Number of protein chains: 4
Amino acid sequence: MRMTVPMGLRWSDLDAYGHVNNVAIVGLLEEARIQVLWVSDEPGESVPTAVLENGLGHAATMTLLARQEIEYLAPVPYTRRPVVIEMWFSALGGASLDVCYEVRSPEGVDPVTVYARAATTLVLVDAASGRPRRIDDRERSAWQPYLEERIAFRRH
Amino acid sequence: MRMTVPMGLRWSDLDAYGHVNNVAIVGLLEEARIQVLWVSDEPGESVPTAVLENGLGHAATMTLLARQEIEYLAPVPYTRRPVVIEMWFSALGGASLDVCYEVRSPEGVDPVTVYARAATTLVLVDAASGRPRRIDDRERSAWQPYLEERIAFRRH
Amino acid sequence: MRMTVPMGLRWSDLDAYGHVNNVAIVGLLEEARIQVLWVSDEPGESVPTAVLENGLGHAATMTLLARQEIEYLAPVPYTRRPVVIEMWFSALGGASLDVCYEVRSPEGVDPVTVYARAATTLVLVDAASGRPRRIDDRERSAWQPYLEERIAFRRH
Amino acid sequence: MRMTVPMGLRWSDLDAYGHVNNVAIVGLLEEARIQVLWVSDEPGESVPTAVLENGLGHAATMTLLARQEIEYLAPVPYTRRPVVIEMWFSALGGASLDVCYEVRSPEGVDPVTVYARAATTLVLVDAASGRPRRIDDRERSAWQPYLEERIAFRRH
């Protein structure tokens with residue numbers, strides 16, 4: 001099963017080439033990760049599909065990136081409609097997890113264009129000690145349904 | 001009459017202080033301006049309230065900033081719900097327009113917090129010649145309903 | 001007396017118009033402020049002209065922006081050579097200070113172009129309590145030599 | 001042979017965790033690439049070691065990213081002294097090139113910390129037609145001396 005995150009672009013994501021910049025796309029992956037991984041404690045807000053407690057800002061847990069791989073398949077034009085980021089997990093380790101992403105054209109655009117594919121390895125780190133901490137049972141059971149095969153890259 | 005633009009934050013808008021950064025807030029004003037001023041030619045998209053043709057990316061018209069004034073009234077915390085940017089015009093000149101902004105807490109949050117007030121002077125510039133160009137009749141009549149008094153700043 | 005801060009541009013400061021973006025310029029002011037106001041404790045590093053202790057990252061003091069005014073006088077082209085930001089103070093209050101800026105073409109470019117003029121009001125805030133704190137004697141005596149008249153804006 | 005690019009950090013490269021953000025590090029790679037690959041036509045400026053003509057802003061050639069892989073080895077703290085980015089090429093294809101990077105602690109810091117390793121595949125694209133264009137003889141001979149083995153990643 002996959003999570004689907006609509007992700008609004010900003011005009012400032014464009015670079016001097018008039019495309020959504022490659023660095024900005026990496027930023028969109030980060031934002032999608034944050035929206036999906038962290039429980040929000042704000043009232044009236046839908047609980048995200050995968051949960052990590054005490055998140056954001058002054059967090060008890062930090063999620064640090066250990067690795068990131070991204071393949072850019074097509075230039076991303078500026079669009080008002082959110083692009084779609086599909087996310088799933090390809091590995092749940094002791095203190096780390098692998099997240100896969102497919103960035104696609106906005107909902108309703110036909111035919112669908114896949115702009116980018118990516119995979120990142122995240123490590124959960126205890127903010128106080130700075131040391132990795134284990135994925136706990138609640139997190140593991142929340143994330144388990146989204147375990148799928150690792151994304152296939154075109155070149156390697 | 002005012003335009004109301006919901007503006008989603010990104011986690012990357014936070015700085016090392018854990019607040020939405022002052023520069024990021026200036027970026028949100030830019031994004032609100034773009035969403036409101038430019039006609040989108042994408043199918044199925046609601047037409048914005050104020051219109052400027054041929055916008056975005058490779059535009060026939062560029063909107064350049066001549067002046068910007070902003071008052072930060074309260075730190076902006078990270079929130080998943082879009083903050084609200086109210087916008088209106090306080091002057092429509094020959095080739096320039098003054099835009100006023102009030103940045104507020106998300107819809108439904110009670111009591112309302114005003115985070116920032118701002119005013120910017122924009123100049124319409126012909127992209128080919130690099131020279132200012134006049135606001136045309138269609139733009140003027142689209143923008144006229146949103147003419148209000150200039151925003152009042154606390155200090156000056 | 002004024003402080004002179006060379007400020008390197010990044011290609012990502014450009015927007016889709018091919019100019020250094022107005023928001024990026026506000027970011028350059030922030031960066032100049034940080035380089036000038038904060039003492040660095042790194043070995044072998046020249047001490048900045050104006051001092052604020054315990055700065056950066058996890059700071060005892062935060063400098064929050066209360067007000068910002070900027071006038072954009074000429075588009076800033078991308079250049080490899082650092083642009084020049086001249087800075088001085090126009091007011092030293094109890095817990096706040098007014099900083100003035102002139103952003104100019106790189107050293108050695110003739111004739112000199114003034115790209116932007118700006119003024120910001122900063123408030124010193126105790127990071128622990130979140131409350132404003134007074135400018136102390138050491139800071140005041142370090143900043144005093146850079147007190148000059150407030151920058152003059154073209155329009156107001 | 002490798003190219004060594006000193007790369008100044010900005011305070012805004014920090015995220016709410018107080019580290020240089022993973023996305024910002026990808027941005028530093030982009031900036032290093034631009035400084036090294038593009039000839040500058042500005043007077044008095046040292047010519048970069050590797051040359052690509054007509055660069056920057058309104059370029060005849062665009063360099064688009066096809067692939068990017070990055071391994072984050074240690075958190076990057078904020079520092080006033082430029083971090084060091086070592087760059088070299090691991091492949092020069094018809095219209096594409098592979099660039100390798102090692103991001104390290106500032107010159108003079110002992111012991112040296114390697115913050116990140118990365119590899120990107122760039123494609124040269126003719127800006128007018130949007131089609132890939134071949135690396136020309138001048139570029140190839142400028143880049144040849146910096147051909148080395150592909151960077152070794154820890155995990156794969």
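The values are calculated or read from the model by the stated rules, or taken from the named source; none is laboratory data. If you're wondering where the values come from, they're calculated on a predicted model, not measured in any experiment. Counting neighbours? That spans all protein chains shown, and the Cβs are built from the backbone with ideal geometry, glycine included. Heavy atoms of the whole protein, side chains included, go into the accessibility calculation; ligands, DNA and RNA do not. Shrake-Rupley method; radii C 1.70, N 1.55, O 1.52, S 1.80 Å.
Things worth noting here:
- Any hit, region D:55-70, residues being over 26 Å from A:G18 (Cβ atoms) and either open to solvent by 20 Å² or more (accessible area, probe 1.4 Å) or more than 14 Å from chain A (Cβ to nearest Cβ) (or both): no
- Against the conditions (1) within 17 Å of the chain's Cα centre (by Cα); (2) open to solvent by less than 30 Å² (accessible area, probe 1.4 Å), D:I135 satisfies every one except (1).
- Condition met for D:Y17 (at negative phi, at pLDDT 80 or above, within 13 Å of chain B (Cβ to nearest Cβ) and surrounded by 18 or more Cβ atoms within 10 Å (Cβ to Cβ)): yes
- Any hit, region B:75-89, residues being at pLDDT below 95 and open to solvent by less than 30 Å² (accessible area, probe 1.4 Å): yes
- Here is the figure for region C:90-103: residues that are surrounded by 18 or more Cβ atoms within 10 Å (Cβ to Cβ) and either among the hydrophobic types (A, V, I, L, M, F, W, C) or touching a Phe, Trp or Tyr at 6+ places or on another chain (Cβ under 7 Å) (or both) total 5.
- Residue tally, condition among the basic types (K, R) and closer than 26 Å to D:H19 by Cα, over region B:1-34: 1
- Residues located in region D:1-14, provided they are farther than 22 Å from C:M7 by Cβ and open to solvent by less than 20 Å² (accessible area, probe 1.4 Å): D:M3
- Residue that is nearest to the other protein chains (Cβ to nearest Cβ), among those in region B:71-112 that are among the small types (G, A, S) and either within 12 Å of B:I25 (Cα to Cα) or part of a loop (DSSP other than H, G, I, E, B) (or both): B:G108
- Subset of region C:107-130 [farther than 19 Å from C:L37 by Cβ and either free of Cβ contacts under 8 Å to residues at least 60 places away in the same chain or surrounded by fewer than 15 Cβ atoms within 10 Å (Cβ to Cβ) (or both)]: C:E107, C:G108, C:V109, C:D110, C:P111, C:V112, C:T113, C:V114, C:R117, C:A128, C:S129, C:G130
- Only a single criterion out of (1) among the small types (G, A, S); (2) in contact with a strand residue (DSSP E or B) (Cβ under 6 Å, 6 or more places away or on another chain); (3) modelled with pLDDT under 85 is not satisfied by B:A128, namely (2).
- Some residue of region A:47-54 being modelled with pLDDT under 95, within 14 Å of chain D (Cβ to nearest Cβ) and open to solvent by 30 Å² or more (accessible area, probe 1.4 Å): yes
- Close pairs from region C:136-156: first within 14 Å of chain B (Cβ to nearest Cβ), partner in a loop (DSSP other than H, G, I, E, B), Cβ under 8 Å, at least 6 apart: C:R154/C:L73
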